[in-house]
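The values are calculated or read from the model by the stated rules, or taken from the named source; none is laboratory data. Here the structure is a predicted model, which is why all the values come from computation and not from measurement. As a convention, Cβ positions derive from the backbone with ideal geometry for all residues, glycine included, and neighbour counts pool all protein chains shown.
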Amino acid sequence: MAAEAPALTHCPNCGAALKRPDLSLCAYCAMPLMMGGRASVADDETTARLKRMREHANFPAAQAFVPPDPEVERVVAKKRNRGLLLVIFGALWLAVALLVQFLGSGIDLRSPWLWVGDGVALLGILSIVTAAGARAAASGGKPLLVRPAIVAERRSETNPEGRYGARTLYFFTLRFDDTSEGEFKWPGQGLSSEPMANGQVGIAYTRGEDLIAFRKLG
């Protein structure tokens, strides 16, 4: 009699820790986990309800939508703002250096003082240009998965060590229409964005173990 294969603890494709070892699909990359094994169905009625969402008239538009990643946009904005400050500082340095030369012995374009302003401004421009590329790099090559889902569980952790004060990180256990299930993290967006409640149904946009967005299908 063949020995039973040990239960998987991590996805062999993306390496994510599996919330449940009995599922047939990885919730984080949608890779099949069991070849010919039993597909686990968490709740037939819930699964059927989620599957029907794909027949909704607005589902194609929801599937085509690419939501901005809050964490990625935070990094992009920080890099872009830093670049803008460098450009402004470089331009001011260059203007002051030219003014000093003009009032003194005359303008010398070979002066190293002018090179400093040019160099700082150039670094700023490069930072602004490369900020857009940070979006592609931040994804880590992981695909954006768009699936009907229900919030099965919700928990949160508050980090008081943040630079701008306490910050809440939410963890949602999502159950998808393909019967996979996993826990995904979502950074709190402040008072303007209320996190999803248990039992809420909608379209989940996930990348790896990150929940990018969760939208109701109107």
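Regarding the stretch 49-61, can at least one residue be identified that is in contact with a strand residue (DSSP E or B) (Cβ under 9 Å, 6 or more places away or on another chain) and aliphatic (A, V, I, L, M)?
Yes, the conditions are met somewhere in the stretch 49-61.
Could you please find all residues in the stretch 102-143 being at pLDDT 80 or above and not in a helix (DSSP H, G or I)?
Selection gives Pro143 alone.
Ser24 versus (1) over 20 Å from the mean Cα position of the chain (by Cα); (2) at pLDDT 80 or above; (3) of a type outside the set (Val, Ile, Thr): which is the lone unmet condition?
Unmet condition: (2).
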